[in-house]
Amino acid sequence: MHDDPLDHEHSSETERYGNEEDHPLAKLDTIRLTSVGIDVGTATSQVILSRLVLRRMGLGLSSRFIVTEREVLHLAPVSFTPYTANRERIDERALAAIVDEAYRNAGVGPEDVDTGAIILTGEAVRRENARAIAEVFAEQRGSFVCATAGHNFEAVLAAHGSGTVAASREAQSRLLNVDIGGGTTKLTIVDKGRVLATAAFHIGGRLVARDAAGALTVLEPGGDYLAKHAGFEWKLGEKVNDDSLDRLAADVAKTLVSVLTQAHLPEEQAHLFLTDQLPGAKQYDGVIFSGGVSE
């Protein structure tokens, strides 16, 4: 028995639609999307496809939607970013093959993609066809947001993705995130969960690389600079032994530590910065390393 007619009406609505999510008004406040993310970095690239559920914020009659559920449809294995023989251009066909394989494994076609992003970072941004690749992917493989992440923005993304921001907020501490990629290293100062400053410099794990026979297949301008600083005059195709690479790695590691700890850097190290240097005293409660090279 219902004394309140509104109460009775609510009851009948519940009986009719079974639960709140089946109500037509609730459906209007729920959006389901298939999303793809493509990260093209200096050394590696990766693709992730997800199914997202977004719901409208109910408080204050807000029109804002927030992600309430995410299901990973397929996380592709990490692949080396493909380049043409002269490494001046990203190999768009080989990159497209990596992406298309991820689509097949997820059981998704371009027509199924509602939204997504392709982000080029590090040295990949410097390739002459980088922006064109982003636009082609957007046209041919679904609805995309295209972006070439600048060094500072990439540092912010790294600090959030590594958990440094969350850790700093939880511990109310001042942390430094050091994200080492294939071509660049990004620095982010986070204080009590707030990003205070970012910077990037030209040290990475794939500025120099060789094949199974020991011949140099990659010698980026930054790698050439670091090699000369360590006392080497290398050319592409030249064979390099393990001892020489160990000497280079030790010299680069020493330079990295110097950049992280010294208040005033010599010109040869300051020259490596791609952005302004980090301001203030280099004093932190902790340092968090991220990026594939850091592992």
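Remark on region 141-272: ratio of C-alpha radius of gyration to 2.2 N^0.38 Å is 1.24.
If I take R0 = 35 Å and measure r between the Cβ atoms of Lys282 and Arg51 in this structure, what FRET efficiency does the formula 1/(1 + (r/R0)^6) give, to the nearest 0.05? The value I calculate is 0.20.
Computed over region 149-218, the alpha-carbon pair-distance distribution with 10 angstrom bins reads 23, 40, 20, 12, 5, 0, each value a whole percent.
At a 1.4 Å probe radius, carbon and sulfur cover how many percent of the accessible area of region 157-213?
Numbers: 1000 of 2090 Å².
Of the solvent-accessible surface of region 157-213, carbon and sulfur hold 48 percent.
The 1.4 Å probe gives accessible areas that order Ser162, Ser168, largest first, as Ser162, Ser168.
Step by step: find N for region 28-114, compute 2.2 N^0.38 Å, then divide the Cα radius of gyration by it. What's the final number? Don't skip to the answer; put the middle values down first.
Values: Rg = 16.8 Å, N = 87, 2.2 N^0.38 = 12.0 Å.
The value comes to 1.40.
Sorted by average packing, counted as other Cβ atoms within 10 angstrom per residue and highest first, what order do 254-266, 214-226, 193-205 take? All intermediate terms of the calculation are to be shown ahead of the outcome.
On the way: 254-266: 12.9, 214-226: 17.3, 193-205: 19.6.
Answer by packing, highest mean first, reads 193-205, 214-226, 254-266.
Our estimate of slack between Thr115 and Arg89, defined as 0.36 nm per intervening residue step minus the Cα-Cα distance, is 6.7 nm. Computed with a 1.4 Å probe over protein heavy atoms only, the accessible area of Asp251 comes to about 40 Å².
When the solvent-accessible surface of protein heavy atoms is calculated with a 1.4 angstrom probe, in what order do Val178, Val156 fall, highest first? Before the final figure, lay out each step's value.
Values: Val178 0, Val156 40 Å².
Result of the area sort, largest leading: Val156, Val178.
Note on region 198-262: semi-axes of the ellipsoid equivalent to its C-alpha gyration tensor, largest first and rounded to whole Å, are 22, 12, 10. 3J(HN,Hα) couplings calculated from phi for region 206-219 with the Karplus curve 6.51 cos²θ - 1.76 cosθ + 1.60 (θ = phi - 60°) are, in sequence order, 9, 6, 9, 8, 9, 8, 4, 7, x, 7, 5, 10, 9, 8 Hz; Gly and Pro show x.
Full extension of the chain segment joining Phe65 with Ala212 gains 47.8 nm, where the gain is 0.36 nm per residue of separation less the Cα-Cα distance.
Count charges around Arg51 for me, please; just the other residues with Cβ under 11 Å from its Cβ, Lys/Arg as +1, Asp/Glu as -1.
Working: positive: Arg32, Arg70; negative: Glu69, Glu71, Asp112, Asp114.
The answer is -2.
Cross-link partners for Lys192 among the lysines, with Cα-Cα distance under 18 Å and sequence neighbours closer than 8 places in the same chain left out: Lys282.
When the chain is fully extended, how far beyond the present Cα-Cα distance does Val72 get from Thr30, taking 0.36 nm per residue of separation? Don't skip to the end; give the middle numbers.
Details: separation 42, 0.36 × 42 = 15.12 nm, distance 1.87 nm.
In short, 13.3 nm is gained.
Ignoring lysines fewer than eight residues from Lys228 along the same chain, the ones with Cα atoms less than 24 angstrom from its Cα are Lys186, Lys239, Lys254.
The values are calculated or read from the model by the stated rules, or taken from the named source; none is laboratory data. Fair warning: this is a prediction, and the values are worked out from it, not measured in the lab. FYI the Cβ positions are ideal-geometry reconstructions off the backbone, even for glycines, and counts take in every protein chain you see. Surface accessibility is based on the protein's heavy atoms, side chains included, excluding ligands, DNA and RNA. Shrake-Rupley method; radii C 1.70, N 1.55, O 1.52, S 1.80 Å.
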